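Structure first, commentary second.
Bear in mind that the values in this text are calculations on the coordinates, not laboratory data. This is a predicted model, so every value here is computed, not measured. Every residue, glycine among them, receives a Cβ derived from its backbone with ideal geometry; neighbour counts consider all protein chains shown.
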Amino acid sequence: MRWNFQFFLCSVFSFSLAVASAKPVSFHSSEEVVTALKIFAIDKMAKDVAKDPATTADALLEIKRAVDFSKDNTLSATAYQLLLKVSIATLKSDPQFTAAEILEPLYKKNPELFKKNLQAFPARQQKELLKDIELSEKESTQGNG
Amino acid sequence: MTKRFCLLHFICLFSLWSWAGNTPLIGKVTLDGNFVGRNSLDFRSSANNIGAYLPQGIQASLLEARKLAKTGSYGLKIKISALPGTVVSPSIKVGDEFWVYYSERDSLITFEDKNGQTLDDPESDLLNLASYGPALISTGVISKPSLPTRSQILNDLAPKPIPLPTPSTCLCSTQVANNTLDDLKQISEAIIDTSSQKAPAAMPEEEIPASQIWSADSWISKYESSPKVHEMIRIAKRSSSAHSKKLCYKYVKQDLLGSGMIDSYPTGRYAKDAVDDLKDQGMVNLLEYSQYKSVISQDPSKVPSGAVIVYSTGERKEAGHIEIKTGQGDATMYISDYHSKLNIQESAKGLYKEKIGKPYEIIGVMVLPQDKL
């Protein structure tokens, strides 16, 4: 009886650990966001983001984690700028502009702050990103047919 | 006191009588044409509220009516009670509610009273209904909506001549100069746009040879080389660009209808609906045949040339994806509203979706059956 209970507890603990490890790790601070995204803004990596789908996918995953962090926290100015920089870089190798889809909740949370941070980028890139977010929103409400 | 009470009583009774006498008679409405069903009471082209394209023959009950201040027409909120026997998108169901535009001048709606008798003049009942709710000030008028036809699609794809100023028109004319400048600006932006993208190789116009995989199959090799499929691919190449517009299914619908692969415009909103929509149009899903399913599995590169590949992530809220495969080997391209040498699974988006546990999975490989080739 005692052995069976201990076995049960071990099984539950192991299962919980397995489930927890399968989920992507969340950020806990803006500094962690900066550390994770900075790597994609370094020269060689930035070039790979712009042309290699696999690297772009890795960058998109970090963008997603950063946006998830921002849902309940405030991103620092540095983190926000870096997030937008990496997102815009992914648009070059991603005809589906997935980054815009991921950024949609961040934009909706505070559109004025989003646009203010976007002003650091060339006008054409600002317009493209905002247009892509609008198209992503349209797809989620109206479909793609 | 007694007099006041009697007066009040009389007023209440009169009001009740008035309301009872003016109870709307409309019991059922039938759509005699194709309508745009909207999710809210806003018929402007910028409204971004299209819920579904409602085909002719739908029967519904009338929930609300609003008179549009600018046009004098009505917005009607309907609840679908019966679907017609003809092709209807599986995304439209009994019980769905939509706003549709109704104009007496161009009426395509039949109104019946609760006894099933046609109402020749529903205006008074509509006014009555509308008086119980706020009117909408519409800033635009939507003309009679209709689903695209094959000729409209082909006409839209035909190259438009660039208007040149006539010899008598001074080039210093502001409007002509601005139009010309706008055209040049659009062309230059398009060049920059395509050159900054990882542009695929030039689209080959030569005949696509049957693949080694499918050459032994008489049906599929005939499909790959059929004139309809070639025409579909030709139209798809002309209308796509290097950058998605998030309208993959819309473009594939136009490609299929414009080439005569299907006879009418599918009304599904989401790419993942395409399997059912296209089966209703007479196409077949190769994944429903075990011998083809084992060859294709989940690998788009194994799909026959000219097949329409339908993907789903399994998430209810996501639209899925659809693309037409052209060519084989190094000449392979995947086309929808954009063209790419990579299918959606190999793209950055597909790889990202796989990382977050929502991969794009092939749910349909749609082709025409032998008797339609």
field: Environment charge at A:GLU62 (Cβ cut-off 11 Å; Lys +1, Arg +1, Asp -1, Glu -1)
entry: +1
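Once a ≥ b ≥ c are taken as the square roots of the eigenvalues of the Cα gyration tensor of region B:238-346, is the result rounded (a/c under 1.5), prolate (a/b larger than b/c) or oblate (a/b not larger than b/c)? Mind showing how you got there, number by number?
Values: a/c = 1.24, a/b = 1.05, b/c = 1.18.
Taking the square roots of the gyration eigenvalues as a ≥ b ≥ c, region B:238-346 is rounded.
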query: Could you state the number of Å between the C-alpha centres of region B:243-311 and region A:77-127?
result: 33 Å
task: Mind giving me the nanometre distance, one decimal, between the label points for A:GLU32 and A:ALA54, set 7 Å out from Cα along Cα→Cβ?
output: 2.7 nm
